[in-house]
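Chemist: Sharing a structure, written as structure tokens. Questions coming.
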Amino acid sequence: MEGRIVKALSGFYYVEDAQGNVVACRARGKFRKEQLTPLVGDWVEVALEGGTGTVTEIRPRRNHFLRPAVANLDALVVLASGAIPVTEPFLIDRITAIAGEQNVPVLICVNKCDLEDGTELARIYTHAGYPVYRTSAETGEGVAELGAAIRSRVVAFTGNSGVGKSSILNRLDPAFRIRVGEVSDRLGRGRHTTRHVELYRMAGGTYVADTPGFSSFDTERMELVVKENLQYAFPDFAPFLGQCQFHDCAHMAEPGCRVRQALADGALEPTRYASYVRLYEQAKEWKAWEQKPR
């Protein structure tokens, strides 16, 4: 059979077929030899025997992340807030850069608009070219529009702690709280429990990735975007790339830099360029041996 891995737990991979049936599977030993680990979200081939199966092939991935261990996302929803806790633009930009390198579309959700309208954050990311949704988990404002944007897609939600990810998900589908709660109770989730990743099916055929610690997207432990690729992970830089005086321009202090000229002209947001510089400086310190293969 063919299907998608919707859960990974304790060495088992739970594969859902086109009819919604889920089969518990082990992975063939060849994956270990090839240093290839099946991930939640992978499309796979399964050999069935009795009521269990074996994952025999992993289809090519469109994208994948190491932390959280998930593949083939259709979109990443970054939640932010202009109210306490206020989201620092650098956190958003680091996540969007990681997603951009993997060619995963990003949606920006500015939540808690009942407390602070989020105008500035919405302006920055609208100007940068991202779809922006202003929501309130408390009043329901904007939630229907966000739900329509992710309908029938495989998505992950991330953002700094306290911005209301769980509240938004429960507004999108009240059953989400029940399903996640059941799994948490069953696993006895806590600081030292087994790590577990799962895709939850929500209303409208949407799948949402959930994992312990997912809310922070674990950006401090994820590999950085290498400095040579970083410019391509900022889609708002794209109209100006290839127009600099020097073909290897890093857009830092070189003369004739079209990106820095765009910044001076107001075509780029200052916070976005500041994040690029900060990420570039971090990437320069990243040693070659630390660069994990994709």
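Table: residues versus (1) open to solvent by 90 Å² or more (accessible area, probe 1.4 Å); (2) modelled with pLDDT under 95; (3) in contact with a Pro (Cβ under 8 Å, 6 or more places away or on another chain); (4) not in a helix (DSSP H, G or I).
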site	(1), (2), (3), (4)
Cys244	no, no, no, yes
Ala250	no, no, no, yes
Glu254	no, no, no, yes
Ala264	no, no, no, no
Leu268	no, no, no, yes
Thr271	no, no, yes, no
Tyr276	no, no, no, no
Arg294	yes, yes, no, yes
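Chemist: Sticking with this one: Could you list, in sequence order, the residues of segment 161-202 that are in contact with a Pro (Cβ under 9 Å, 6 or more places away or on another chain) and modelled with pLDDT of 55 or more?
Modeler: Answer for segment 161-202, where residues must be in contact with a Pro (Cβ under 9 Å, 6 or more places away or on another chain) and modelled with pLDDT of 55 or more: Ser161, Gly162, Val163, Arg195, His196, Val197.
Chemist: Shifting gears a bit: Is it true that Ala69 is on the phi < 0 side of the Ramachandran plot and open to solvent by 30 Å² or more (accessible area, probe 1.4 Å)? Lay out the reasoning, then the answer.
Modeler: Working: on the phi < 0 side of the Ramachandran plot: yes; open to solvent by 30 Å² or more (accessible area, probe 1.4 Å): yes.
The answer is yes for Ala69.
Chemist: Now for a different question. Can you tell me how many residues in segment 21-42 are under 13 Å from Leu199 (Cα atoms) and either assigned to a strand (DSSP E or B) or free of Cβ contacts under 8 Å to residues at least 24 places away in the same chain (or both)?
Modeler: Qualifying residue count for the region: 2.
Chemist: Test Thr52 against the stated conditions and say whether it is touching a Lys or Arg at 6+ places or on another chain (Cβ under 7 Å), of a type in the set (Val, Ile, Thr) and open to solvent by 10 Å² or more (accessible area, probe 1.4 Å).
Modeler: On the way: touching a Lys or Arg at 6+ places or on another chain (Cβ under 7 Å): no; of a type in the set (Val, Ile, Thr): yes; open to solvent by 10 Å² or more (accessible area, probe 1.4 Å): yes.
No.
Chemist: To continue, here is another question. Scan segment 221-230 for residues that are at pLDDT 55 or above and open to solvent by 20 Å² or more (accessible area, probe 1.4 Å) and jot them down.
Modeler: Within segment 221-230, Leu224, Val226, Lys227, Glu228, Asn229 meet the criteria.
Chemist: Follow-up question, since we're still on this one. Out of the residues in segment 231-242 that are more than 17 Å from Ala283 (Cα to Cα) and under 22 Å from the mean Cα position of the chain (by Cα), which is least open to solvent (accessible area, probe 1.4 Å)?
Modeler: Phe237
Chemist: Here's something else I'd like to know. Would you be able to tell me the number of residues in segment 132-166 that are charged (D, E, K, R) and open to solvent by less than 50 Å² (accessible area, probe 1.4 Å)?
Modeler: 1
Chemist: Which count do you get for residues in segment 55-66 that are outside any loop (DSSP other than H, G, I, E, B) and either open to solvent by 10 Å² or more (accessible area, probe 1.4 Å) or touching a Leu at 6+ places or on another chain (Cβ under 7 Å) (or both)? Show your work before the answer.
Modeler: From segment 55-66, those outside any loop (DSSP other than H, G, I, E, B) are 55-58, 64-65; that's our starting set.
Within this subset, residues satisfying the condition of being either open to solvent by 10 Å² or more (accessible area, probe 1.4 Å) or touching a Leu at 6+ places or on another chain (Cβ under 7 Å) (or both) are 56-58, 64.
So the answer is 4.
The values are calculated or read from the model by the stated rules, or taken from the named source; none is laboratory data. Here the structure is a predicted model, which is why all the values come from computation and not from measurement. Neighbour counts are summed over all protein chains in view; Cβ atoms, including those assigned to glycine, are modelled from backbone coordinates with ideal geometry. Ligands, DNA and RNA are excluded from the accessible area calculation, which covers all protein heavy atoms including side chains. Shrake-Rupley method; radii C 1.70, N 1.55, O 1.52, S 1.80 Å.
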